[in-house]
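A.B. asks: This is the structure I have questions about; it appears just below.
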Amino acid sequence: MTVLNVVITGSGVIARTHAGAILRHPGLRLSALADPDPQANDRLAGWIGEQGGPPPARYASLGEALAAEAADLVVVCTPSGTHADLAEEALAAGVHVLVEKPLDASLPAARRIARVATDAEAAGLVCAVVCQHRFDPASVAVAARVRAGDLGRLTSAVASVPWWRGQRYYDSAGWRGTWEQDGGGATINQGVHTVDLLLWLFGRPEEVFAYTGVLAHERVEVEDVAVAAIRFADGALAVLHATTAAYPGIGVRLQVHGSQGSAVIHDDQLEYLHTADGPDPSAYADGPDRSGDAVPPSQLRGATKPDDAFVTGHLRQYHDTVEAILGGRRPGVTAVEALLDVAVVKAVYLSAHLRRPVSVPAVLAGDFDDVLAAVEGSAATVSSVLRAGVAR
């Protein structure tokens, strides 16, 4: 079996999840860590040793690691505002890349790395972005029914990410809760996975109208509550709710509704699946819940989740990434797809500040970049931009 050498850049909290997944994949070897904080490197290396893994080399920067190691895959686990630069550095060195979500805190930077990744793809390199919930059995089952047309025409969705993060979470690192390095709050950090599932299932988003607020935290520049309505190109409508102010935190819930069926995913498990048995759905509205036919019992709502469920979710995406590298195909989540996730999140922020609907294609194209820069700047700058009426 071909074994790929992996370098993790960024040895913080999420890196431990990645390290756990890498250690469990037979085709991967964690060869090095790169972080300017030597204590972070040492802590992660110590944990890897406790799991029975071989000690990785440790470097202060990705450049040093790439110069010293025969790396096949770089995993970017640094603060969000550095993702694009590091991914570009790895691709320029001819190394495959897996970027932890989001693609970047900055939409222009995300747009840039998506272009770079597309060019690198033509040269045989893989640049994947972590959206591990696409690989959950429940998500795969619902997507298969949607693609087969079993739910009919998709009409609406309700997506809720009601999580809790205490003040300690935002105080734990200077970059958390900032526009520059975090790129936003509950929507881009906690809600982006669910945004990704919505776009994966429903397709191209056209317009967003949103409200955001900071209601349960202090000393943060970003939102801890967001609600938004999303209109898709085919007319389907979705409601998005993302928060880190929902004590004590409840599982993510995604309801998908169509003209011939509905599905509910709750806390990554399949709770409900119903599809019509014939061309006239009204005649079969009382049919059975078929979730038990779609996924194994361990993936049904209410089944006990293993302690390592989070690592397992990442491991599924690592399997896809390795298969893409060895098979010369696109990964399950590309940088271009992840760019659209970021554009929708930024449309939420723009809409909330402009207090009107915002076109997602216009955001994606860069038409709002000057306004977005103001929104993600100081409150005084935002006010002056809005007063000047430069918003398109």
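A.B. asks: Out of Gly63, Gly52, report the one residue that is surrounded by fewer than 24 Cβ atoms within 10 Å (Cβ to Cβ) and at positive phi.
C.D. replies: Values: Gly63 fails: at positive phi.
Being surrounded by fewer than 24 Cβ atoms within 10 Å (Cβ to Cβ) and at positive phi holds for just one of Gly63, Gly52, which is Gly52.
A.B. asks: I'd like to verify a number: residues in region 91-117 that are open to solvent by 30 Å² or more (accessible area, probe 1.4 Å), out of contact with any Asp or Glu (no Cβ under 9 Å at 6 or more places or on another chain) and part of a loop (DSSP other than H, G, I, E, B), how many?
C.D. replies: Number satisfying all stated conditions: 2.
Yes or no, residue by residue, for (1) touching a Lys or Arg at 6+ places or on another chain (Cβ under 8 Å); (2) under 28 Å from Ala110 (Cα atoms); (3) among the hydrophobic types (A, V, I, L, M, F, W, C):
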| position | (1), (2), (3) |
| --- | --- |
| Leu4 | yes, yes, yes |
| Thr9 | no, yes, no |
| Pro26 | no, no, no |
| Asn41 | yes, yes, no |
| Gly63 | no, yes, no |
| Leu86 | no, yes, yes |
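A.B. asks: Testing Ser11 on (1) out of contact with any Asp or Glu (no Cβ under 9 Å at 6 or more places or on another chain); (2) of a type in the set (Gly, Ala, Ser); (3) under 22 Å from Gly313 (Cα atoms); (4) assigned to a loop (DSSP other than H, G, I, E, B), one condition comes back false. Which one is that?
C.D. replies: (1)
A.B. asks: In region 68-90, how many residues are open to solvent by 10 Å² or more (accessible area, probe 1.4 Å) and part of a helix (DSSP H, G or I)?
C.D. replies: 7
One line per residue, one yes/no per condition, for (1) open to solvent by 40 Å² or more (accessible area, probe 1.4 Å); (2) more than 21 Å from Val342 (Cα to Cα):
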position	(1), (2)
Val140	yes, yes
Ala148	yes, yes
Val195	no, no
Trp200	yes, no
Ala210	no, no
Gly213	no, no
Asp224	no, no
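A.B. asks: Here is a further query. From Val130, Val126, grab the single residue that is touching a strand residue (DSSP E or B) at 6+ places or on another chain (Cβ under 8 Å) and over 21 Å from Gly63 (Cβ atoms). Explain how you work it out, then say what you get.
C.D. replies: Values: Val126 fails: over 21 Å from Gly63 (Cβ atoms).
Criteria check complete, one pass: Val130.
A.B. asks: Right, another one. Give region 1-14 a look and list any residue that's surrounded by fewer than 24 Cβ atoms within 10 Å (Cβ to Cβ) and touching a helix residue (DSSP H, G or I) at 6+ places or on another chain (Cβ under 7 Å), or say none. Write out each step before concluding.
C.D. replies: Step one: of region 1-14, the residues surrounded by fewer than 24 Cβ atoms within 10 Å (Cβ to Cβ) are 1-5, 12-14.
Within region 1-14, Thr2, Leu4, Gly12 qualify.
A.B. asks: Of all residues being open to solvent by less than 50 Å² (accessible area, probe 1.4 Å) and either of a type in the set (A, V, I, L, M) or at positive phi (or both) in region 150-165, which is nearest to the chain's Cα centre (by Cα)? Just the residue, please.
C.D. replies: If we filter region 150-165 for residues that are open to solvent by less than 50 Å² (accessible area, probe 1.4 Å), which is where we start, we get 151-152, 154, 156-157, 159-162.
The next check asks that each one be either of a type in the set (A, V, I, L, M) or at positive phi (or both); those that pass are 151-152, 154, 157, 159, 161.
Details: Leu151: 25, Gly152: 27, Leu154: 22, Ala157: 18, Ala159: 14, Val161: 13 Å.
Ranking the candidates gives Val161 first.
A.B. asks: Buried (at least 17 other Cβ atoms within 10 Å of the Cβ) and within 30 Å of Ile113 (Cα to Cα) - does that describe any residue in region 288-307?
C.D. replies: No, there is no match, as no residue in region 288-307 is buried (at least 17 other Cβ atoms within 10 Å of the Cβ) and within 30 Å of Ile113 (Cα to Cα).
A.B. asks: Find all pairs meeting these conditions: Cβ atoms under 8 angstrom apart; at least six residues apart or on different chains; first residue within region 183-206 and within 15 Å of Ser160 (Cβ to Cβ) and not assigned by the TED database to the domain that holds Ala138; second residue modelled with pLDDT under 95 and surrounded by 24 or more Cβ atoms within 10 Å (Cβ to Cβ).
C.D. replies: none
A.B. asks: Right, another one. Looking at region 169-189, which of its residues are open to solvent by 10 Å² or more (accessible area, probe 1.4 Å), under 19 Å from Phe310 (Cβ atoms) and in contact with a Ser or Thr (Cβ under 9 Å, 6 or more places away or on another chain)?
C.D. replies: Within region 169-189, Tyr169, Asn189 qualify.
A.B. asks: With Ala343, Ala338 as the choices, which residue is of a type in the set (A, V, I, L, M) and either open to solvent by 50 Å² or more (accessible area, probe 1.4 Å) or farther than 16 Å from Phe232 by Cβ (or both)?
C.D. replies: Working: Ala343 fails: either open to solvent by 50 Å² or more (accessible area, probe 1.4 Å) or farther than 16 Å from Phe232 by Cβ (or both).
When all the criteria are applied, what remains is Ala338.
The values are calculated or read from the model by the stated rules, or taken from the named source; none is laboratory data. Remember, predicted model here, so these are calculated numbers, not experimental data. Backbone-built Cβ (ideal geometry, glycine too); neighbour counts: all protein chains shown. The protein model used for the area step is the full one, side chains on, heavy atoms only, and it has no ligands, DNA or RNA in it. Shrake-Rupley method; radii C 1.70, N 1.55, O 1.52, S 1.80 Å.
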